[in-house]
Amino acid sequence: MSEQERAPSGVLDVSALPRHATGLRTPLWWGTVLLIAIESTCFAVLFNAYLYVRNNFREWPPDERLHLLPGTVAAAALLITLPPTFLYRRAACAERFAAMRRWLVIATALSLLALAARVWEIWAVPFSWTGSAYASTVWTSLGMHTLEIVTGAVESLYMCAILFRSRVELKTFEDVEASALFWFFSVLVWLPFAGLFYLEAAAR
Amino acid sequence: MFVGFNLAFFPQHLLGLRGMPRRIYTYLPETGWGFWNFVSTIGAFTLGLGALVFLFNAARTLRSGARASANPFRAYSLEWALSSPPPRSADRIVPVAASRYPLWLGELGRVEGLARDEVLVTRVVDAEPDHVGHAPTPTIMPPITALATAVLIVACLFTPWGLPVGVVLVSLTLLVWFWPTDREPAFQTRERVSSESVGKEVLP
């Protein structure tokens, strides 16, 4: 609305404005981006903690080596969730309800599979968190990120439940889009960790 | 009060530099801390006296003082646009400002066309009206979530199991809180899906 369209009496009538929006027009999008900024800081601190304690060891990693297979499978399982996430986000932005729901269900199912792979990955860690500073940072990063993807998966399941009701609110498109944004972050933030942990374990 | 405050607290910096620890009420004369503590005491009484004058002034003005106008300082910013005392639900009145000094330059505009529970969302850069969002409807869930959070924190003092149990508890309250209230603009899922599939046939 430009200056000229304003009524001369100083009254701004907004009754004709759209009742919802998507993308960076919505406060929810900005809230999600800021949440991602906070979480990124948290993960950056964890990443640095790993590099920092490495200076204290002559031999690194000081404990038994992490097993490559479960870690790789878990990271790959996370990456596979990204294409359907991309598709349900695109459908949400275009307000195509049926496509959004279909791809969200597929992405949610894949994220549950990724969680199962993560359980295997955790199961296969060959050391206790009390073993060394190395073990402690690996377990903390793994645990923190698991919390992250459990949150994301629960959120996706919850969105699915909402989308299968007989009546769906228009703002759900915004919510689904924010979910996708958060899930993108949850998956991508793990890649530097997986790379660091498993390549260092494999290098020796 | 200003003189009293600085007279009371600034000497404490000097005393700290001379080795006096915090939060003691007595010390030996040989320490040499007596002079500045005496100055500090004078400052404390000055501060107390100032507070008494302030309270007396407040009580007297309450009884028989002149009524202040809505904008006694002729300030330019929006918080001074309201009547004094401010009306109930003052946040329902959305002003339109055309400059940085809206109360000095020109008249203040007013937004119309918002229903109850509706809020105006503006663009991020130029603050032009973009769309209308829905404020959350009143719910009892925030205090219940706060209670669950308190349970989480207190339980963690006694057992590590407080963390997982508390997290589940807090998550449940959040999920109940976020469930749709059916008070927002919505569509029927079945009709939407069938109309979208019809639209798909029309499109090339």
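Observations, loosely collected:
- Remark: the B:ARG88-B:ALA75 segment gains 2.5 nm on full extension, using 0.36 nm per residue and subtracting the alpha carbon distance.
- Peptide ranges A:55-67, A:104-116, B:58-70 listed from the most packed, as the mean C-beta count within 10 angstrom indicates: A:104-116, A:55-67, B:58-70
- Listed residues B:PRO138, B:PHE187, B:LEU157: farthest to the positive end of the dipole of the stretch B:137-204 (Cβ charges): B:LEU157
- In chain A, the convex hull through the Cα atoms has an average projected area of 14.9 nm², a quarter of its surface area.
- 5 angstrom amide H check on B:ALA186, placed H, neighbours 5+ away: A:LEU170
- Residue-span extension gain [B:ALA146 to B:TRP177] - 0.36 nm each, minus C-alpha spacing: 10.0 nm
- Relative contact order (%) - criterion: Cα under 8 Å, at least six apart; region: the stretch A:23-203: 37
- Using every pair of distinct Cα positions in the stretch B:63-118, the Kirkwood expression returns a hydrodynamic radius of 13.0 angstrom.
- For A:HIS20, distant residues with modelled amide H under 5 Å away: B:VAL132
- Förster radius 60 Å - calculated FRET efficiency between A:TRP60 and B:SER99 (Cβ-Cβ, nearest 0.05): 0.45
- Average Cα contact separation per residue, the stretch B:1-52, under 8 Å, 6 or more apart, as relative contact order %: 66
- Note on B:HIS131, B:HIS13: ascending count of other Cβ atoms within 10 Å places them as B:HIS13, B:HIS131, the fewest first.
- With the Kirkwood sum run over all distinct C-alpha pairs, the protein assembly as shown has a hydrodynamic radius of 27.5 Å.
- Between B:VAL198 and B:LEU62, residue separation times 0.36 nm minus the direct Cα-Cα distance comes to 41.9 nm.
- Sequence-distant residues sharing a close amide H with B:GLU118 (under 5 Å, placed H): B:ALA135
- Working from Cα pairs under 8 Å separated by at least six residues, relative contact order for chain B is 11 percent.
- Label-point gap, in nm, between B:ILE42 and A:CYS93 - each point 7 angstrom along Cα→Cβ: 7.0
- About the centre of its Cα atoms, the stretch B:49-110 shows a dipole size close to 180 debye [charges on the beta carbon of Lys, Arg (+1) and Asp, Glu (-1) only; nearest 20 debye].
- Over all distinct Cα-Cα pairs of chain B, the Kirkwood formula returns a hydrodynamic radius of 25.3 Å.
- Model label sites at A:LEU188 and A:ARG165, defined 7 Å from Cα along the beta-carbon direction, differ in position by 3.1 nm.
Computed from the coordinates by the stated procedures, all read-outs in this text should not be read as laboratory data. Just so it is clear, the structure is predicted and the values come from calculations on it, not from any experiment. Reconstructed Cβ throughout: ideal geometry from the backbone, glycine too, with neighbour counts over all protein chains shown.
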